Structure formats: structure tokens, C-alpha cells
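Each remark here refers to the structure printed beneath this line.
The values are calculated or read from the model by the stated rules, or taken from the named source; none is laboratory data. None of these values were measured; they are calculated from a predicted model. When we count neighbours, we look across all protein chains shown, and the Cβ atoms used for this are built from the backbone with ideal geometry, even at glycine. To get the accessible areas, we keep the full protein, side chains included, count just its heavy atoms, and leave off ligands, DNA and RNA. Shrake-Rupley method; radii C 1.70, N 1.55, O 1.52, S 1.80 Å.
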Amino acid sequence: FAMPSYGSLAEWEAYRQALREQILMSAGLLPMPPKKPLHPLIFGRLDSEGYSIEKVLLETFPGYYLGGNLYRPRGKIGKLPGILIAHGHWTYGRLENQPLNSTPVQGITMARQGYVVFAYDMVGYNDTIQTTHEFGGRREQLWNFGPLSLQLWNSIRALDFLLSLDGVDPARVGITGASGGGTQTMLLTAVDDRIRFSAPVNMVSAIMQGGCVCENAPGLRIGTNNVEIAAMAAPRPMIVISGPQDWTKNVAQEEYPAIRRIYELYGQADNVANAVVDAPHNYNQESREHVYQFLGKHVLSVSDPSSLREKEVQVERLQDMLALQNRSLPAGALDYAGLFASWRDWSQQAAAAEKDTKVLQKHLAMTLDAEWPKQVDAETAAKGVILTRRGRHDQLPAAWFAGRGRAVLLLHPDGSEAAQATETFRRLRENGRPVLVIDAFQTGRAVAPRNRSAPHFLTFNVSDDAARVQDVLTALAYLRSQTKAPIELIGLEKSSVWALFAAALAPPDIVFSPNIAPFTGEDEQFIRDFFVPGIQKAGGISAAMRVIRSRGGSGG
């Protein structure tokens, strides 16, 4: 990936807002779940010289629990800075303690320096055990339910918890983490302005975006990448740690200068830094000390960086830091099926409760990554025309049959030739109606190889059915440029579902009469006939129907 140039702060800020919404939509957090009480359980205090460690369980979602450890300074008074530590894919999670990474050493050291530190689990690690770490399939994807969803939500709620503690200064709260924890650091900083400083370690890269499903929800990086996501921290203080032995090997020469240019738009270039550590993929002592020193300057106002070096610490036995050591989850804790069902229930309730159909329309458009094109160009081809959205480079084969009266876009799931063989086409032409037929994405002449088995394919690419909705909108926009009369949209067989969602995103004067039976909107039907990640979370068929009817269209 190459970071584009942004000519002005206003241009970047507009894009940043759109990207924030894209991240939240991909994570299933647009809108966010209601923030219910966390019911924090803080217990098992261990006191040592200059710090204490406690076990924590938080109910981040009704019936769902996040585990962690709270490291607090002893003998410090006044408002203290707070920091979250998000761990990566280390064997022992937040309790990993070895030369390449030690969250306990970091937690103890930062507590001694004066921070209130909350180190919390990835899903499926240590005490956060109601799901495995990698889970989900196509049904879960319809609802934007997956490891990234729960982890980003847990990060938001972990921040809520940290800010709720007496003595924590809300103006000095941040996050750090390496590898997968670096991904969480970037994502939380991108979507939550309460984070005032951050330190993603060995993760910001233009050549690798994260290797786990917990870092790669569908739709997350369509048209974007981790460099832009990291740059969303600007103008808040951020240090990026990189190294020559993993995918961050080019950061000093490529990614960091691109991020720094965003900080320069704010006039805050001094708020971002990069440190290169020549070691295997890590959050080792050298990396940690770069973070301590950067934050010492920007958060603690420490003038002597050498005073922030690590000192020897005695790490507690790992089992003694587990919240669920000799303890069960609280009564009412959900199993996986119950958690997924609860997620679906609140998602349905949120969509049904949304009164503004423009918001529903926006959520559908974001989920489908579809737009009403500003300009459609047409190029003559052997069997008709090729339609292209200007500046987008997609190509849509189409055939135009001139006539009189209201123009019709006729869809068939097998493409334009199949549409022309139908009784509907014959009847329209007998009546002299002008008709446009298309080979929507991966139908008819538009069938082409597409390697959907590539890792995390849907993180970077829309599904076939989402692309088909865009093709329908492109065809409608082309017809609109050719005539001022109303345009009729007809979808045959399962293409009627493409038509439904396209009609919800099209101008209100498109004449469309939904006839999608026997498609009733069950998960299994979406998986089989119209697979678009997040479509059920965005309200599904009900949302599309509501949008159409609200505009006085032919929703019927």
C-alpha cells in the first residue's frame, strides 16, 4: 500500500471521519451496543515495593466477561495518568514473561513510574474464555460478530473502566501493545478520542496488515490500510516501534514519513516518533524503554530519560495473577451460542429502533460499499456497451435496446443473455419499451477468476453480491443520464434481492415493486443467495424496505 497525499487538513479530517465509521461498521459497532454497567470485580491484591497488582473481571456485554490485571502505584498522590496494555499472540497472553515480551514487567515498571495500568485479555486468552480466540463463519459475518468485534468492544469498555477509577486523569490516558496488541492500539486510538497518547509496537506496516481473524474483520481495510489507521492518532502523541526483522522493516523510510506528514497538517510533527529495534518480532526491554521515554516526555514531563529505564522486578507466579484461578465465571455468564444470540438480538433491536431512515440508508451503503455514481462513462463494445464509474475503473457489460416510454433495467442472476431469453423481456419489447440488461459482477460476460480463498479476502474486498448491487446502481445512473423520465427496475429470481438493496440506495424516483418471494431474509437465505457481511447487522430486508417506503417509492 502507498499512503496517498492529503492536500489540506480539512481533506484529511473528512476522510478520517469516514474511516472511523468504516472501522466501527466493520466491527459491528455502528451503532454501538448500549454501555451497561461493567460490574467490576477487583480482588486478590498483591502488594510490592512501589506498586500493587489486582485481578479484574469486567462484564463488558451482558453475560460476557473480560479479564485483566490492574497495576497501581503505591505512595503516589493526585491525578495519575492511565494506560491500557493490549497483548499480542503470545502463548501466555497478558501474562507472557520472556525476553521478547513481558507484560507483567511492563505493568510493574509503568506503575512504579506513576501510571495506573490495566492489562487486559484478547478474546480466548487467560480469563476471557467464553469464546475461543478464532471463531465465526458466514452466519456470524452477516451480523458483524467476530473476534475483532469483541476485542474492539472490550478495548472500549476497558477504557471506560480505567477512566472510572479514582485518581485517573482523563486528560492523560493512553494505550500500547505489540503485534496483535499493536492492532488493538491502532484501532482503539482511531475510534476513541478519549485515548490521548498511544504506542503501537511492531505492527504498523504497509506490507502486512495482520495475520489473525482478530485483526481482519470483513470490510475493515477496503480501500485503506494500517498506515492510514495509525495516522488517525494525529495530532495526539504517538511513538511507532519497528524493526528490520519483521514486516515493519520499512517503517523508518516509508510508513513513518507518511504518518508524519499527517501530523504536519496539524502543525504537530513533534508529537510523533519512530524507534527502530533490531530484534525478532518483539516488545522487549529496548522497545519498552523507547516507549517509557517518549511517554515520559509527553505524559509525565520527565526531563531525564535515563530515570525511566527498567529495574529488576520480581514477577508473581502467573497462576496467581489469573482472575479465574480457583474461581468460576459469575452466575449468568453466557456460552458461545448465548453470546451470539444476544448480539443478534440487540442488533435487531437497534436497527428497528432507528427512526431516521437516512441513517439506515447510510448503514446499508457502508455495508455494501456501494454508491450512486457521480458520472458513468459508456464505451461501445461488440455486444453493446461497457459502463464505467469515472475514476473507479470497474467495467460493466450491458446491452441497450432502444424504444419509447419508461426505460427499464432488467436483471437476471445469470446475466444479460439470460435476461433476454425471459418472458418478461419479450413482453417489454413487444410493448416497445426501452430496456437495459447487464452482466452484473461474475455473471454472463463478466465471469472471471477471483481467488476468494486468499487469507482474509473479505477484509480487503467486497463480496460478489455487494459488487452486484453496485453494478445495478451504476446501470441505473447511466439510464438516468440518458433520460429524465422515471426508470423502472425489475429483478428476476434471486436478482430481485440485488434490486431491493440497490433501490434502497438509489434516488427515490426509481420505480421498483419488491417481489423477492420466497426470500424472507433468514440467515441461511442470505448465506446462499445474497452473501454480504454485515447485511443483517445493518437491518437486512426490513431496513431496505423501510428506506424505500419512507421516500414514497414503490415499496408497496
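The table for this structure:
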read-out: Residue-normalised accessible area of the chain, given per residue in Å² at a 1.4 Å probe; value: 40
read-out: Sequence ranges 305-316, 339-350, ranked by mean other-Cβ count within 10 angstrom, highest first; value: 339-350, 305-316
read-out: By average C-beta atoms within 10 angstrom, highest first, the peptides 258-268, 52-62, 435-445; value: 435-445, 52-62, 258-268
read-out: Value of relative contact order over the chain, rounded to a whole percent, pairs C-alpha under 8 Å and six or more apart; value: 13
read-out: Rg(Cα) / (2.2 N^0.38 Å) computed for region 268-356, rounded to two decimals; value: 1.88
read-out: Neighbourhood charge, 14 Å Cβ-Cβ cut-off, centred on Asn216 and excluding it, Lys, Arg +1 and Asp, Glu -1; value: -2
read-out: Stretch gain in nm, segment His39-Ala352, where the contour uses 0.36 nm per residue and the Cα spacing is subtracted; value: 109.9 nm
read-out: Per residue convex hull volume, Cα atoms of region 441-490, in Å³; value: 94
read-out: Around His133: net Lys/Arg minus Asp/Glu count, Cβ-Cβ under 12 Å; value: -3
read-out: Prolate/oblate/rounded label for region 113-247 (Cα gyration tensor, a/c 1.5); value: oblate
read-out: Gyration tensor (alpha-carbon) shape descriptor, region 67-170, a/c threshold 1.5; value: oblate
read-out: Accessible surface of the chain, 1.4 Å probe, proportion on carbon and sulfur as whole %; value: 50
read-out: Cβ-based net charge around Ala502, under 12 Å, with every Lys or Arg adding one and every Asp or Glu removing one; value: -2
read-out: DSSP-defined beta bridges in the chain - what % are antiparallel, rounded to 5; value: 50
read-out: Label-to-label distance, nm, for residues given as Asp523 and Ala10 (7 Å Cα→Cβ offset); value: 4.6
read-out: Accessible surface of Met208 - all protein chains present, 1.4 Å probe, nearest 10 Å²; value: 50
read-out: Sites Asp345 and Glu134, calculated FRET efficiency, Cβ-Cβ separation with R0 25 Å, nearest 0.05; value: 0.55
read-out: Per-bin percent of Cα-Cα distances, region 352-405 [5 Å]; value: 4, 15, 17, 15, 15, 11, 11, 7, 3, 1
read-out: Angle in degrees between helix 495-505 and the longest Cα principal axis of the chain, rounded to the nearest 10; value: 70
read-out: For the chain, Kirkwood radius (reciprocal of mean inverse C-alpha pair distance, Å); value: 25.3
read-out: Helix axis angle, 285-295 relative to the chain longest principal axis, alpha carbon, degrees; value: 80
read-out: Angle in degrees between helix 357-368 and the longest Cα principal axis of the chain, rounded to the nearest 10; value: 80
read-out: Equivalent ellipsoid, region 364-485 (semi-axes from 5 times Cα gyration tensor eigenvalues, Å); value: 26, 16, 13
read-out: Amide H within-cut-off set for Val302, under 5 Å, with H built and near neighbours excluded; value: Lys297
read-out: Sorted peptide list for 239-245, 467-473, criterion being average Cβ within 10 angstrom, highest first; value: 467-473, 239-245
read-out: Proximal aspartates and glutamates to Lys311, defined as alpha-carbon separation beneath 13 angstrom and excluding residues fewer than eight positions away on the same chain; value: Glu49, Glu286, Glu289
read-out: Cα convex hull of region 202-317 - mean projected area over all directions, nm²; value: 9.3
read-out: Percent of C-alpha pairs per 10 Å bin, region 306-426, short to long; value: 9, 17, 18, 16, 14, 11, 9, 5, 1
